[in-house]
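Values in this text are rule-based calculations from the coordinates and carry no lab data. What you see is a predicted model, and the numbers here were worked out from it, not measured in a lab. FYI the Cβ positions are ideal-geometry reconstructions off the backbone, even for glycines, and counts take in every protein chain you see.
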Amino acid sequence: MTTYRCTSAFVDGELTGPVDIRCADGLVVAVGPAVGEFDELLPGMVLPGFADAHSHLFHRGLRGRTHGDSAGVGSFWTWRDTMYSLADRLTPATFHALAVAVYTEMVCAGFTAVGEFHYLHHAPGGGRYDDPNAMGLAAAQAADEVGIGLTLLDVAYLAGGFDRPLNLSQQRFTDGTAAGWAARVATLPDALPIGEYAPIRAGAAIHSVRAVPVADLPVVARFAQSSGMPLHVHLSEQLAENEAALAATGRTPTQLLDDAGALSDRTAAVHATHLTSHDIKLLGAARSSIVICPTTEADLADGLPRAAQLRVAGAMLALGGDQHVITDPFAQARGLEYGERLATGVRGTFSPEALLEAATAASHRSIGSSSGRIAVGAPADFVAVRTESARTAGSVGLQLLMSASAADVAVVVVGGVVQARDGVHVRLGDPGALLANAIREAWST
């Protein structure tokens, strides 16, 4: 039993304190008034652990490297060329080292779980490793070492576009057929480590409707449903994807997913930026999650999603870091509100409580995690945030979300055990040093 004393904490939907949180066997076993002895005093405000519902961990190697196009202008598609250059170099060993570094940075920033949208399945050029899940297991082992919950969202990737073959870089992403993908992924749950501090689980993903032929979409959807896995999909991130779908099929990407039986309350549509009103109705009626990635969508010039309309329609809003252009749960949370302000000219569409819900419970739910709340029986995952830093001093209540940054995270607890203090991992040390070494090795391969 470990008892954490909190000056203030967000418990069962309310900000309260002082309060003691008692943990055993990775769970919260009691929450009550601060009385008697305790093991550790947590400073500032204690919040549920954050989840990153959409991560491409290897994209962290691109941070600070994609803004120097010789022409001075670019797009998602020019950025993708640089991404492929890095993807072509990675091996299970360098991918593992990068995963350890990236997940360490995430834990130190306050993330206690991540949904890894994983499509680097095979060797560069499409060759096969002895273990067909070698790359995915490298990420899973890294998560176990770091102490972060992981949902390994294994991606089906079969085509280079509507009626277009895969390019050379994409060969390592594919299993050839939907049946081949399903056969490989079926072996994944038993191969994953249990997770010493937090669960490590398997999920399924459709890369996009341009990368999975229309006839194969139901195959992937049925596999996810029969396996009880969450199903994630990149959806309408780019107008070009919508235009290609309409030209090839006469249907929007959302309609294609709906017709394939791929929309449900276990589906998470990532980005969902360029939707029609009918698309929004379909996603809302299915009670699907929408994983908005504000910092990546800004970095890649994707555009602004119709977040408030999606919420009104019945969809659940979650948050992701995607390419890790910044690793900061507070930036993602307020990015949701800021995007709506830029799109509508209205402040306060999403309250601090709604932003916290999106960044914690809703993001966890979208990846099949039961964490994201501080309550008896919930996983003992929580974050202490300093309230008297140069950034947060004077912030009132949960408006802390509008002022804090990852630098204000004082203590991170996963599975009832402290994993990080003041930006340093208790076992692995400074994430900066890990990242510098891992990124250097990744690019030099």
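Measuring from centroid to centroid over Cα atoms, what is the spacing of the range 81-124 and the range 414-445 in Å? Between the Cα centres of the range 81-124 and the range 414-445 lies a distance of 13 Å.
Each label point was placed 7 Å from the Cα along the Cα-to-Cβ direction; for residue 1 and residue 162 their separation is 6.3 nm. Would you please state the base-10 log of I(q)/I(0) at q = 0.15, 0.18, 0.29 1/Å for the range 358-401, with intensities from the Debye formula using one equal scatterer on every alpha carbon? With one equal scatterer per Cα and no solvent, log10 I(q)/I(0) is -0.50, -0.66, -0.98. Hydrodynamic analysis of the range 331-442 uses the Kirkwood radius over alpha carbon pairs. Inserted into Stokes-Einstein at 20 °C and 1.002 mPa s, it gives a translational diffusion coefficient of 134 µm²/s. Given DSSP loops and a limit of at most 15 other Cβ atoms within 10 Å, what is the longest stretch of the chain that contains no such GluC sites (Glu not before Pro)? Longest stretch, sites excluded: 197-387. Divide the volume of the convex hull around the Cα atoms of the chain by the residue count and you get 136 Å³ per residue. The charge dipole of the chain, taken about its Cα centre with unit charges on the Cβ of Lys, Arg, Asp and Glu (plus for the first two, minus for the last two), comes to roughly 520 debye.
Give the shape of the range 61-131 as rounded, prolate or oblate, defined through the alpha-carbon gyration tensor: a ≥ b ≥ c are the square roots of its eigenvalues, a/c under 1.5 means rounded, and otherwise the shape is prolate if a/b is larger than b/c and oblate if not. Because a/c hits 1.5 or more and a/b fails to exceed b/c, the range 61-131 counts as oblate. Seen through its C-alpha gyration tensor, with square-root eigenvalues sorted a ≥ b ≥ c, the range 223-276 comes out prolate because a/c lies at 1.5 or above while a/b is bigger than b/c.
Entry note: the range 1-112 has Rg to Rh equal to 1.19, where both radii use alpha-carbon atoms and Rh is the Kirkwood radius. Each peptide in 247-260, 407-420, 175-188 gets a packing score, the mean of other Cβ atoms within 10 Å over its residues, and the list from highest to lowest is 407-420, 247-260, 175-188. Relative to the longest principal axis of the Cα atoms of the chain, the long axis of helix 329-344 lies at roughly 60 degrees. Rounded, prolate or oblate: which one fits the range 42-200, using the alpha carbon gyration tensor with axes a ≥ b ≥ c (rounded when a/c is under 1.5, else prolate when a/b beats b/c, else oblate)? Since a/c reaches 1.5 but b/c is at least a/b, the shape of the range 42-200 is classed as oblate. As a ratio to 2.2 N^0.38 Å, the alpha-carbon radius of gyration computed for the range 170-242 takes the value 1.23. Across the range 297-314, coupling constants 3J(HN,Hα) worked out from phi with the 6.51/-1.76/1.60 Karplus curve, θ = phi - 60°, read 5, 6, 4, 8, 6, 5, x, 10, x, 8, 5, 5, 5, 5, 5, 4, 5, x Hz, and Gly and Pro carry x.
Sorting the Cα pairs of the range 128-213 by distance into bins of 5 Å, from 0 upward, gives 3, 15, 23, 21, 16, 12, 7, 2, 0 percent per bin. When DSSP beta bridges are limited to those with both residues in the chain, what percentage is antiparallel, rounded to the nearest 5? Bridges in the chain that DSSP calls antiparallel: roughly 45 percent. The Kirkwood radius of the range 239-316, taken over pairs of alpha-carbon atoms, gives through the Stokes-Einstein law at 37 °C and 0.692 mPa s a diffusion coefficient of 260 µm² s⁻¹. Projecting the Cα atoms of 378, 410, 362 onto the dipole axis of the range 353-445, where Lys and Arg carry +1 and Asp and Glu carry -1 at the beta carbon, places 378 farthest toward the positive end.
Once you reduce the range 374-407 and the range 258-305 to the center of their Cα atoms, the two points are 28 Å from each other.
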